[in-house]
Every structure is written in C-alpha cells, then in structure tokens.
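So the structure is just underneath, and the comments pick up after that.
The values are calculated or read from the model by the stated rules, or taken from the named source; none is laboratory data. This is a predicted model, so every value here is computed, not measured. Heads up, the Cβs are rebuilt from the backbone with ideal geometry, glycines too, and the neighbour counts pull from every protein chain shown. Just the protein is used for accessible areas: all its heavy atoms, side chains included, with ligands, DNA and RNA removed. Shrake-Rupley method; radii C 1.70, N 1.55, O 1.52, S 1.80 Å.
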Amino acid sequence: MDTERQAPADLALRGREVVASYLPGVDVAWADDDEDLVEILNVAGRHRRIRVSATDGDTWLLPRAELDEEPEVDDGWWSFVRIPRAAGREPEVYLARENEVRALMLDVVAHSAAADPTRPVHVEVTDEAVPVRDRDVMPLLRSWHELTKGF
C-alpha cells in the first residue's frame, strides 16, 4: 500500500474545503451524516447541493449507493477534487451536473466485468464504488459560473 496516500476521511474533508473555497459570498454547510455532500444557500434563500468526490490518485471512487436512491434535488451538482500528494501543488477541481454523473456511473456499471465477464477490465466496479477517471469525467465538465449564475 502507498503510505503517502491520504486517509479517505482526510480526503473528504479537504475536498469539501476546496469546494467551499470556490463559493465566495454564499453560506456553505454539510450534514454530519453525509461527509460527501456540500449544501450552499445564498442571501436570497436559493439552495444548491453539491456532492464531493476527492482523490489523491488517478481515479475517483464514486459511491455506488447513489445509484440506489433517487436524487434529492433536480439540479444537483457533483464536484471532483484531486488533492495533490506533493506539497505546494494546488488541488484540481472539476464540476458536473449530478444527473449526468449518475448516467456515467450507470454506463460504467453496465460495461463492467460483472455485467460482461468477457469484457477486458479497465477498472473494477465493486458493491461499494464505481471508479471513474479523467477521461470519463472530462466530457461532463461545467463551469463554476454555470453553478452560481442566477444564484
């Protein structure tokens, strides 16, 4: 095991802090029972929900349990934060619409080795996580302005 990799709880906390830093001028909160969820509220009372996935490697492990539940809000967002292992490097932060990320997750699961044992495995889907890489996420990316416009 790579001893330099950060603990998942530390990654989640740092990922939330990075996402919050991209949202100046709004109230940011997260529920104690869901460390991957950031909720923002502007002064006019408008609400946004952003799911946070953080990694210090090449792959984000998205919670497969998200596929078993309906989204709580129609206009949810999903952020992808890569926390660099090297000191002094800035995190990478990406943003996508939650419904598009869920569609990606379903596609990854449908094309996994579990769905088709003859398919060569690029990433291993488990009962807990759906791994996605940059090449999966890049086509979905949106700007932070789109998240906050009219907000």
Quarter of Cα convex hull surface for segment 60-107, i.e. mean projection, nm²: 4.0
For Leu37, distant residues with modelled amide H under 5 Å away: Ala31, Val52
Solvent exposure ordering (accessible area, 1.4 Å, most first) of Arg48, Arg85, Arg142: Arg85, Arg142, Arg48
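Compare the peptides 125-137, 61-73 by average per-residue count of other Cβ atoms within 10 angstrom and give them in order, highest first. Working shown, then result.
Details: 125-137: 16.1, 61-73: 12.8.
Ranked from most to least packed, the peptides come out as 125-137, 61-73.
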Spatial extent of segment 23-100: Rg and Dmax, with the Cα atoms as the point set, Å: 13.7, 40
